[in-house]
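Single-structure report; data block below.
Values quoted throughout were computed directly from the atomic coordinates according to the rules given, and no laboratory measurement underlies them. Being a predicted model, the structure only gives us computed values, none of them experimental. Ideal geometry is used to build each Cβ from the backbone, glycine not excepted, and the neighbour counts take in all protein chains shown.
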Amino acid sequence: MNRQVLLKTLVAGSLLLGLVLWVHLEYGWSDTLAKWSAVSQPILLLGIVFTLSSHFLRALRVHFGYQQQLPIPFAPVLGVSLVHNTLSFLLPMRLGELALPILSKKQLAIDLRYSTATLLLLRLFDLHVITSLLMMFAGKLWLSPSGLLIISITLLTSLPLAVMAIQFCAKRHPKLQFIAPLVERTRVCATLYLLTALIWGIKLFSFALLASLLGGLAIDHAWLATIIADASALSPITGFANAGTFEAAFALPLIPLGYDAGQLIQVAVNLHIFIFVVNMLAGISGLLFLRKKSPTKQ
């Protein structure tokens, strides 16, 4: 392991130590961790496998998008994606998003404009999938039947119209033609969207299952809380590792349903610890796939 990798690993360990101290001071470890007794080891392992699988699928999604412009091996893309995901989780106010275009340029020789366009398109798909899932689990609680119908129709039509608009702009404006490989073929967009739906479905299923067991929550309520909590990371205003905002976003939608706020916060903290640890493991693993030197430009 070279010095740079060792330094990054030490920094990651320091961040983990900071979270440990925060949980100790705010909630106390004994009361907080006692909730894990409700989760069996097979279920915990399943949660880890599913969450790591979502990270792998994220890399596969980025690789598929990049392959439309330049044939590249999967391993370095996996490293770039894992590191990017971890930095996006750790750094506040979406600063970690910059890692994808920067690392893609240095590690993969992908043009900055193309990698940024890929990221924006994937975030559009992320937003659409999250909103659709939110309507599935929260629509009956918050909306009238007519309101739910209107939003459902809007969701079904808005994304295809947005993609068509991007296709139109790419064809009409020479400066935007660099994004054409991403959007000119329906098969490419459909594949990227299906991967997005699979990523969020697998990840949120594991989170909801763990939250349900940790707090004795109804599974549909656990889905609702984890969707909103995890989606809070997409906000432009977040703290370190989404600390605080994750817990608030998890608890607030369930308090009106009769749950105890303190119990919800402890469940959210445990789930947040789980997410933090898995993200750190994924990010450290990603460093092993990065190239020591940038690829030679053609």
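For the reader, a short list of remarks on this structure follows.
- Comparing A225, A38, A282 in a Gaussian network model of the chain (Cα springs below 10 Å), the most mobile by mean-square fluctuation is A38.
- Cβ crowding within 10 Å, taken as a proxy for footprinting-reagent exposure, orders T118, T32, T226, T157 from fewest neighbours to most as T157, T32, T118, T226.
- Exceeding the 27 Å Cα-Cα cut-off - candidates K106/K203; K35/K203; K171/K292; K140/K203; K106/K175: K106/K203; K171/K292
- Calculated from backbone phi, Karplus (6.51, -1.76, 1.60) coupling profile of region 116-125 in Hz, x at Gly/Pro: 5, 5, 4, 4, 5, 5, 5, 5, 4, 5
- Placing +1 on the Cβ of every Lys and Arg and -1 on the Cβ of every Asp and Glu, with nothing else charged, gives region 20-139 a dipole about its Cα centre of roughly 320 debye.
- The simple Förster model, with R0 at 30 Å and r as the Cβ-Cβ distance, assigns F74 and V277 a FRET efficiency of 0.75.
- Net charge dipole, the chain: roughly 1540 debye, given to the nearest 20, about the Cα centre with Cβ charges of +1 for Lys and Arg and -1 for Asp and Glu.
- Mean Cβ neighbour count within 10 Å, used as a protection proxy, ranking 196-204, 68-76 highest first: 196-204, 68-76
- Residue-averaged 222 nm ellipticity for the chain, from DSSP H runs of 4+ at -39500 (n - 2.57), nearest 500: -25500 deg cm²/dmol
- Karplus-derived 3J(HN,Hα), 6.51/-1.76/1.60, for each residue of region 24-29, Hz, glycine and proline x: 4, 6, 7, 10, x, 5
- The mean sequence separation of alpha-carbon pairs under 8 Å and at least six residues apart, normalised by the residue count of the chain, gives a relative contact order of 31 percent.
- Proportion of all alpha-carbon pairs of the chain beyond 30 Å (%): 36 percent
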